[in-house]
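K.L.:
Encoded as structure tokens, here's the structure I'll be asking about.
The values are calculated or read from the model by the stated rules, or taken from the named source; none is laboratory data. Computed from a predicted structure; not experimentally measured. For neighbour counting, all protein chains shown are included, and Cβ atoms are generated from backbone atoms with ideal geometry for every residue, glycine included.
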């Protein structure tokens with residue numbers, strides 16, 4: 001039977017249990033020393049904000065979006081998973097027999113946020129070899145307030161099955177014939193412009209490496225109206241070198257009334273219509289340059305009309321009737 005300990009001995013045992021010496025190894029409760037995280041890598045920012053804004057304007061112009069309100073712009077570093085894949089495509093006959101096969105593959109990237117293929121990134125790195133840089137150093141160099149870093153939502157352990165399903169769907173192949181490997185997490189800079197179109201919020205995303213429009217198809221296309229066509233023609237007529245092409249395009253084979261001998265609408269009528277349209281546009285925009293252009297076109301049309309009248313041939317008089325022969329006596 002162990003000897004009973006006094007009060008002093010009990011206090012000593014308690015202190016020994018509470019305070020460990022420095023030479024003791026860490027226990028499981030304290031946990032071992034954590035390994036430092038691997039540095040995050042990114043593609044460098046090569047497109048500045050002004051250039052990206054010009055690209056955004058061109059995209060909106062191609063989509064015929066003229067009335068919009070720019071709400072703001074932000075720079076984000078988006079995470080992407082790069083990987084290599086191979087896919088064995090089977091060619092079958094109508095009876096479902098394999099007659100041929102072809103193996104395709106390559107290096108691709110997938111957006112680690114939304115799971116969409118980011119095929120523009122491998123093309124950039126292949127056509128213009130660009131070295132990756134440290135993300136933290138990149139953020140310190142650009143010194144832009146409000147820059148966001150979007151960490152991946154797709155974890156590496158989820159990638160293989162997800163990407164095999166994605167590749168088989170795109171290539172219309174069998175998922176079992178797709179293999180993926182070489183996963184690498186890289187960030188890429190993206191300029192995101194927020195704007196309002198018809199009270200709806202949209203964004204235009206421009207790649208900060210190459211200037212590629214990332215979500216070009218997501219932006220709605222506004223069909224051109226007759227007013228848009230007229231305004232485009234008016235802006236084209238601002239250059240006198242384009243007048244000839246404009247007249248040929250408008251006068252060739254246009255059905256309707258007012259056709260001249262050449263089979264198309266008369267040049268005078270087209271110029272007068274253009275002058276009227278330009279005049280209305282000039283009055284609406286209070287633009288003196290377009291007003292002078294409208295007056296000039298009206299003067300050209302009047303000069304052509306007067307010239308045509310002067311050159312109009314006079315009708316030939318009818319030939320004189322031959323005299324009737326006098327009757328001969330029998």
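K.L.:
Just to be sure I understand, how many residues within segment 187-201 are free of Cβ contacts under 8 Å to residues at least 60 places away in the same chain and either at negative phi or assigned to a strand (DSSP E or B) (or both)?
P.N.:
1
K.L.:
Something else now. Scan (1) more than 17 Å from the chain's Cα centre (by Cα); (2) surrounded by fewer than 19 Cβ atoms within 10 Å (Cβ to Cβ); (3) assigned to a strand (DSSP E or B) for the single condition residue 180 breaks and write down its number.
P.N.:
Unmet condition: (2).
K.L.:
Return the only residue of 96, 161, 100 being free of Cβ contacts under 8 Å to residues at least 24 places away in the same chain, closer than 27 Å to residue 178 by Cα and assigned to a loop (DSSP other than H, G, I, E, B).
P.N.:
Within the list 96, 161, 100, the selection yields 96.
K.L.:
Please go through segment 172-196 and pick out each residue that is touching a strand residue (DSSP E or B) at 6+ places or on another chain (Cβ under 8 Å) and farther than 26 Å from residue 152 by Cα.
P.N.:
Hits for segment 172-196 are 173, 174, 177, 196.
K.L.:
In contact with a strand residue (DSSP E or B) (Cβ under 8 Å, 6 or more places away or on another chain), surrounded by 15 or more Cβ atoms within 10 Å (Cβ to Cβ), modelled with pLDDT of 85 or more and within 19 Å of residue 178 (Cα to Cα): is that true of residue 77 in this structure?
P.N.:
no
K.L.:
Every residue in segment 157-170 that is more than 19 Å from residue 121 (Cβ to Cβ) and in contact with a strand residue (DSSP E or B) (Cβ under 9 Å, 6 or more places away or on another chain), please.
P.N.:
Within segment 157-170, 160, 164, 165, 168 meet the criteria.
K.L.:
Taking the options 198, 175, name whichever one is at pLDDT below 90 and surrounded by 13 or more Cβ atoms within 10 Å (Cβ to Cβ).
P.N.:
Exactly one of 198, 175 is at pLDDT below 90 and surrounded by 13 or more Cβ atoms within 10 Å (Cβ to Cβ), namely 175.
K.L.:
Going through segment 143-158 one residue at a time, which ones are exposed (fewer than 14 other Cβ atoms within 10 Å of the Cβ) and either in contact (Cβ under 8 Å) with a residue 40 or more places away in the chain or over 25 Å from residue 73 (Cβ atoms) (or both)?
P.N.:
Within segment 143-158, 144, 146, 148, 151, 153, 155, 156, 157, 158 meet the criteria.
K.L.:
Tell me whether segment 47-69 contains one or more residues that are surrounded by 12 or more Cβ atoms within 10 Å (Cβ to Cβ), assigned to a strand (DSSP E or B) and in contact (Cβ under 8 Å) with a residue 24 or more places away in the chain.
P.N.:
no
K.L.:
Let me ask you something else. In segment 125-138, what residues are part of a helix (DSSP H, G or I) and more than 10 Å from residue 187 (Cβ to Cβ)?
P.N.:
125, 126, 127, 136, 137
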